[in-house]
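S.K.: So that we are looking at the same thing, I have put the structure below in structure tokens.
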Amino acid sequence: MKQFKLVATAASGIEALVGKELRDLGIECQVENGKAIFHGDIETIATANLWLRTADRVKIIVAEFEAKTFEDLFEQTKAIKWEDLLPMDAEFPVSGKSIKSTLFSVSDCQAITKKAIVNRLSDYYSRYGRLPETGAKFPIEVALLKDKVTITMDTTGPSLFKRGYRLEKGGAPLKENMAAAIITLTNWRKDRPFYDPTCGSGTFCIEAALIARNMAPGFNREFMFEAWPWVDKSILEKVRNEAEEKVDYETELDILGTDIDPRMIEIAQRNAEEIGLGEDITFKQMNLSDFTTQKEYGVIVANPPYGDRLGDEAQVQALYKVMGKVYKPLDTWSKYILTSDLTFETHFGSKATKKRKLYNGAIRTDLFQYWGKRPPRQPRVEE
């Protein structure tokens, strides 16, 4: 089976999580800034798209070379065996970016790359004039960084964060892959309580349930490469069937999401039902200050509204104060709060055990982590 050099792209700060996910899937990789590089065949591409929770997309690295002139770019692009990837009727839009490179005009780089591919395919398929571009889509990107050209082809389509369950969303939704990354960074395990006090459209709770059930996050959607005529559909079927066999339907989950807005609770419930997790999560309309529990060793994960987007800063900081007061007695619980307010600890009333910088889209945020007491070690039973 044909082998490819592949890249899984990720938001800055979570690429190591993508690397760990790939290794857990049995795929060796090399983690770099904002990406993980790996090798594999169509089955690897299918597995990565279906299973990666924290990545943005999976691309084939078609070629890498140096280019300082448009002629260099044209000739080296034309030399690629595009006929091995693109059928005669392929639709292949070309996007681009250029950083610190001699060829700084992105539109020119895109146009020249497109022209080189058209020339190659026209020669190969003996087509003169325009290529039809009426078939399957093969999105191509030409990226220049310090005169190094990387040409990639997207296998994913809409970003991997689009799981297919979000029928509606709230005013400031967290991307599903970022929510999964944050849960992965916590000490939560599926046999412990999970609580999101500002659950909005339910993303944290749904992602936690997907992780707990060991459900492939991409099982509810399709991917770009599935429409490519040279892809063996039986491989996709095999990967999907294997994923279905790995689902844990047995573990009893304790996942709670609350929000002050009853409309958001309805949306969260519908989203959970869309992906088949409606019975696994409890959503409840509730004021954050009303939360009490006798349970121990749970985890609270929250993405409260940021003052700069959803409301008055003073209101949001008052909410942080309430959080600090309500959660203080829960000394066995760990709390993870994502916010762009760097003064959060002051309002919450205590210093975080650890902070981690993350980007929610273009917004710089910090994950403030408060670790709870560990459960006592069980004494070893002598045989």
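The values are calculated or read from the model by the stated rules, or taken from the named source; none is laboratory data. Being a predicted model, the structure only gives us computed values, none of them experimental. Every residue, glycine among them, receives a Cβ derived from its backbone with ideal geometry; neighbour counts consider all protein chains shown. Protein only, heavy atoms only, side chains kept; ligands, DNA and RNA dropped before computing areas. Shrake-Rupley method; radii C 1.70, N 1.55, O 1.52, S 1.80 Å.
S.K.: Just in the stretch 261-296: which trypsin sites (Lys or Arg not before Pro) are loop by DSSP and have at most 12 other Cβ atoms within 10 Å?
M.R.: Here no trypsin sites (Lys or Arg not before Pro) fit, given the DSSP loop and packing criteria.
S.K.: Follow-up. Probe of 1.4 angstrom, ligands and nucleic acids ignored: what's the accessible area per residue over the chain, in square angstrom?
M.R.: 49
S.K.: Okay, moving on. Please compute the alpha carbon radius of gyration of the stretch 177-301, then divide it by the globular-protein estimate 2.2 N^0.38 Å. Two decimals is fine.
M.R.: The reported ratio for this selection is 1.20.
S.K.: Leaving ligands, DNA and RNA out of it, report the carbon-plus-sulfur percent of the accessible area of the chain at a 1.4 Å probe.
M.R.: That share works out to 49 percent.
S.K.: Sticking with this one: For a quick check of your reading of the filter: which GluC sites (Glu not before Pro) in the stretch 9-60 sit in a DSSP loop and have no more than 14 other Cβ atoms within 10 Å?
M.R.: Answer in residue order: Glu28.
S.K.: State, in angstrom, two size descriptors of the chain derived from its alpha carbons: Rg to one decimal place and Dmax to the nearest whole number.
M.R.: Cα only, the chain: 23.8, 81 Å (Rg, Dmax).
S.K.: Taking the Cα centre of the stretch 181-263 as origin, sum charge times position over the Cβ atoms of Lys and Arg (+1) and Asp and Glu (-1), and report the length of that vector in debye to the nearest 20.
M.R.: Around 140 debye, computed over the stretch 181-263.
S.K.: Give me the dipole magnitude in Debye, nearest 20, for the stretch 225-291 about the Cα centre, with unit charges on the beta carbon: positive for Lys and Arg, negative for Asp and Glu.
M.R.: 300
S.K.: In addition: Put +1 on the Cβ of every Lys and Arg and -1 on every Asp and Glu Cβ in the stretch 1-158; which of Tyr124, Ala48, Ala67 then has its Cα farthest towards the positive end of the dipole?
M.R.: Farthest along the dipole direction, towards plus: Ala67.
S.K.: Here's something else I'd like to know. What dipole magnitude, in Debye to the nearest 20, does the chain give about its Cα centre under +1 on Lys/Arg Cβ and -1 on Asp/Glu Cβ?
M.R.: Computed about the Cα centre, the dipole is about 1080 debye.
S.K.: Sticking with this one: If you count, for each residue, the other Cβ atoms within 10 Å and average over each peptide, how do 44-50, 69-75, 318-324 line up from highest to lowest?
M.R.: Per-residue Cβ counts within 10 Å, averaged per peptide and sorted highest first, yield 44-50, 318-324, 69-75.
S.K.: Shifting gears a bit: What do you get for chymotrypsin sites (Phe, Trp or Tyr not before Pro) in the stretch 230-313 restricted to DSSP loop and a cutoff of at most 13 other Cβ within 10 Å of the site's Cβ?
M.R.: Those satisfying the criteria are Trp230, Tyr249.
S.K.: Return the whole-Å distance between the Cα centroid of the stretch 83-139 and the Cα centroid of the stretch 352-368.
M.R.: Their Cα centres are 39 Å away from one another.
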